[in-house]
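Below: the structure, in structure tokens.
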Amino acid sequence: MLFVDALAASAPLLIVCAGLLGLMIGSFLNVVIYRLPKMMERTWQAEARSILQLPAPDEATSAARFNLLTPGSRCGACGVAIKPWHNLPVFGWLLLRGKAACCAAAISVRYPLVELLTGLMSAACAWRFGFCFELAGALLLTWSLIALAFIDLDTQLLPDDITLPLLWAGLLFSLWGGYVPLDQAVIGAIAGYLALWLVFWAFKLATGKEGLGFGDFKLLAALGAWLGWAALPQIILLSSVVGAVTGIALIALRRHQRGAAMPFGPFLAAAGWLALMGVDVLSTVVPATR
């Protein structure tokens, strides 16, 4: 209780602790980002085998458990179990100088970057909201958006296992006080889904192509549930403009082929987080008239 009282009384202590917690959560998010798509793929393969009446895989493969907790962390190059102190967020990577202790294989710099990003964004949430119920919601939403953004970057998927619970959590959060009244949250969830659903069908009817994925609809619906319908115009505008500029820049730099699919989820997630933090882009772009 003394520690909780200290967090409530000291904003700097709260920000530091939120940042440290974010570093640890970021380490877990790296696991989610890597494993959840593979878990989904295994589920789809099992369903396909069942529908097509294909034989099951060999016993060794089918018996091996693979989820967010099992097996433990192992080197991606040689399969040796990673020692706990080498798994420390950010510091473990620095200690190893970006190379595995077992075989000296390179460890992607993205792992510590995800951890550092999660820590900084968590600390920013503590600075923005202080020690209150709203901070708990902000942290949950922030961590979910980070996981979704990186999974979409890797696979162009926004898993229902995250988007749908996030939507319901946003409605429950609004029911218990939250950032907006419950009616605004419900309208936000409906409007968020329908807005991109209409864009999807308009684009498909006009071009015969699918310009968005259904996961994008669900993510914007979740953001509407958390932040209310009034936040949606800013989120849609900011994500669309930044996404378009990024796409044009990548094409100009020959890092992306014209017409190739580009994930939209990271832009939605970034715009949603900025709206959570109270950044009002619309008032800057379109100043209020007096």
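Data table
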quantity: Segment 175-191, residues that are among the aliphatic types (A, V, I, L, M) and surrounded by 13 or more Cβ atoms within 10 Å (Cβ to Cβ); calculated: Val180, Leu182, Ala185, Val186, Ile187, Ala189, Ile190, Ala191
quantity: Criterion: under 19 Å from Val31 (Cβ atoms) and touching a residue at least 60 places away in the same chain (Cβ under 8 Å) - qualifying residue of Trp127, Trp85, Trp143, Trp93; calculated: Trp143
quantity: Helices (runs of 4 or more DSSP H) lying entirely in segment 1-91 (those with 2 or more residues that are within 30 Å of Leu135 (Cβ to Cβ), modelled with pLDDT under 85 and open to solvent by 70 Å² or more (accessible area, probe 1.4 Å)); calculated: 2-9
quantity: Within segment 228-246, considering residues that are surrounded by fewer than 19 Cβ atoms within 10 Å (Cβ to Cβ) and more than 18 Å from the chain's Cα centre (by Cα), the one farthest from Asp152 (Cα to Cα); calculated: Ala230
quantity: Scope segment 99-118; condition surrounded by 14 or more Cβ atoms within 10 Å (Cβ to Cβ) and more than 24 Å from Leu145 (Cβ to Cβ); matching residues; calculated: Ala100, Ala101, Cys102, Ile107
quantity: Residue check for Ser283: at pLDDT below 95, under 30 Å from Ala169 (Cα atoms), among the polar types (S, T, N, Q) and open to solvent by less than 50 Å² (accessible area, probe 1.4 Å); calculated: no
quantity: Only one of Gly170, Gly130 that is surrounded by 21 or more Cβ atoms within 10 Å (Cβ to Cβ) and either over 12 Å from the mean Cα position of the chain (by Cα) or of a type in the set (D, E, K, R) (or both); calculated: Gly170
quantity: Given (1) small (Gly, Ala, Ser); (2) in a helix (DSSP H, G or I); (3) more than 12 Å from Gly272 (Cβ to Cβ), number of the condition Gly211 does not satisfy; calculated: (2)
quantity: Enumeration of residues in segment 200-226 that are open to solvent by 10 Å² or more (accessible area, probe 1.4 Å) and closer than 16 Å to Phe267 by Cβ; calculated: Gly211, Leu212, Gly213, Gly215, Asp216, Lys218
quantity: Neighbours by Cβ (under 9 Å, 6+ apart or cross-chain): first from segment 153-181, modelled with pLDDT of 95 or more; second among the basic types (Lys, Arg); calculated: Leu158/Lys218; Asp160/Lys218; Thr163/Lys218; Leu164/Lys218; Leu166/Lys218; Leu167/Lys218
quantity: All positions within segment 192-229 that are of a type in the set (A, V, I, L, M) and more than 21 Å from Ser144 (Cα to Cα); calculated: Leu194, Ala195, Leu198, Val199, Ala202, Leu205, Ala206
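The values are calculated or read from the model by the stated rules, or taken from the named source; none is laboratory data. Since the model is a prediction, treat every value here as computed from it, not as a measurement. Neighbour counts are summed over all protein chains in view; Cβ atoms, including those assigned to glycine, are modelled from backbone coordinates with ideal geometry. Quick note on the areas: whole protein, heavy atoms, side chains included, nothing else; ligands and nucleic acids left out. Shrake-Rupley method; radii C 1.70, N 1.55, O 1.52, S 1.80 Å.
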